[in-house]
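To start, the structure under review is shown below, and the notes come after it.
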């Protein structure tokens, strides 16, 4: 279990969340057209509100990343969205049918409205190009009229925003630590001020101390900039600490979703309960589960009198 301690200001509900939806998925089914066909995502419906962190939890292979790619229209053959709709509710008041976007409209939509920090993000940077060149490439693609000075100023702002010295713009990825590369990817995802950021296991392969720093940074940036987040991980206790709402995924379906507090206090689905009980206790008897959001020891870890070990 990842032992993350989030400050009170970063706990679920500490940042006001708008009840206005920014992204809605209804009945999304994604299939891999192999022989025989495989349904990786099955009739999934989700709503993401403005400024919200929606946690998406589930075991490896349950369809989390496939769903994320579908929401961002990044699916490649043989994957295909066979049914459902995805609607992006823009700040301007316009509703964008993401499923039908194509060509330049799709290119303009990605990264500008919805950005993504990919799984294994530390290895997503081009190893033979400087960080500056990779950030500038975003502006060249989406803001072609931007001057070099403006691009340099914005790139320095982005690195400062994620807690990295702007001098690192001249660095190559191999000259950066794992945590710094992860922060670079978050900076790039924020480059165009998106309204939604999808983060696919952004703390994978990082040690616990660096994980804590990255999580704190995400929470701080969400509070400062107001974007919504879909945070994908198999680490349900961590999601309980940082999310406003949680959706639990199993075999391509959402089997339970609700406020983080509800998932923590009273999980309804057996799979959710098993996920919670699969993490060992940090104190008390073996086999128990410490609910990290509050430090309360679960019943399995209680002593003979029903009280956890002190």
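The values are calculated or read from the model by the stated rules, or taken from the named source; none is laboratory data. Just so it is clear, the structure is predicted and the values come from calculations on it, not from any experiment. Here Cβ is always computed from backbone atoms with ideal geometry, including for glycine, and neighbour counts include all displayed protein chains.
Consider residue 87 carefully, then state whether it is assigned to a strand (DSSP E or B) and buried (at least 19 other Cβ atoms within 10 Å of the Cβ). In short, no.
Does segment 199-220 include one or more residues that are closer than 24 Å to residue 25 by Cα, at pLDDT below 90, in contact with a helix residue (DSSP H, G or I) (Cβ under 9 Å, 6 or more places away or on another chain) and outside any helix (DSSP H, G or I)? The answer is yes; a qualifying residue exists. Residues of segment 162-175 that are closer than 19 Å to residue 206 by Cβ, in contact (Cβ under 8 Å) with a residue 24 or more places away in the chain and assigned to a loop (DSSP other than H, G, I, E, B): 162, 163, 171. Among the residues of segment 95-104, some residue qualifies, meaning at least one is touching a helix residue (DSSP H, G or I) at 6+ places or on another chain (Cβ under 6 Å), part of a loop (DSSP other than H, G, I, E, B) and either crowded, with 16+ Cβ neighbours inside 10 Å or touching a residue at least 60 places away in the same chain (Cβ under 8 Å) (or both). Can you pull out the residues in segment 182-198 that are farther than 20 Å from residue 239 by Cα and in a helix (DSSP H, G or I)? Answer for segment 182-198, where residues must be farther than 20 Å from residue 239 by Cα and in a helix (DSSP H, G or I): 184, 185, 187, 188, 189.
So that you can scan it fast, the table gives a plain yes or no per residue for (1) touching a strand residue (DSSP E or B) at 6+ places or on another chain (Cβ under 9 Å); (2) part of a loop (DSSP other than H, G, I, E, B); (3) closer than 21 Å to residue 253 by Cβ:
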| residue | (1), (2), (3) |
| --- | --- |
| 62 | yes, yes, yes |
| 66 | yes, no, yes |
| 82 | yes, no, yes |
| 107 | no, no, no |
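Run down 143, 154, 183 and say which single residue is more than 24 Å from the chain's Cα centre (by Cα) and either surrounded by fewer than 21 Cβ atoms within 10 Å (Cβ to Cβ) or closer than 19 Å to residue 223 by Cβ (or both). So the residue among 143, 154, 183 that is more than 24 Å from the chain's Cα centre (by Cα) and either surrounded by fewer than 21 Cβ atoms within 10 Å (Cβ to Cβ) or closer than 19 Å to residue 223 by Cβ (or both) is 143. Within segment 126-135, does at least one residue satisfy the condition of being crowded, with 20+ Cβ neighbours inside 10 Å, in a helix (DSSP H, G or I), modelled with pLDDT under 90 and under 23 Å from the mean Cα position of the chain (by Cα)? No, segment 126-135 contains no residue that is crowded, with 20+ Cβ neighbours inside 10 Å, in a helix (DSSP H, G or I), modelled with pLDDT under 90 and under 23 Å from the mean Cα position of the chain (by Cα).
Listed here are the residues, each with its yes/no results for (1) over 21 Å from the mean Cα position of the chain (by Cα); (2) farther than 16 Å from residue 31 by Cβ.
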site: 70; (1), (2): no, no
site: 77; (1), (2): yes, no
site: 80; (1), (2): yes, no
site: 84; (1), (2): yes, no
site: 97; (1), (2): yes, yes
site: 101; (1), (2): yes, yes
site: 105; (1), (2): yes, yes
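Looking across segment 241-282, the residues that are over 29 Å from residue 83 (Cβ atoms), in contact with a strand residue (DSSP E or B) (Cβ under 8 Å, 6 or more places away or on another chain), touching a residue at least 60 places away in the same chain (Cβ under 8 Å) and not in a loop (DSSP other than H, G, I, E, B) come down to 242, 260. If only residues of segment 43-62 that are surrounded by 19 or more Cβ atoms within 10 Å (Cβ to Cβ) and within 13 Å of residue 84 (Cβ to Cβ) are counted, the one that is modelled with the highest pLDDT is 44.
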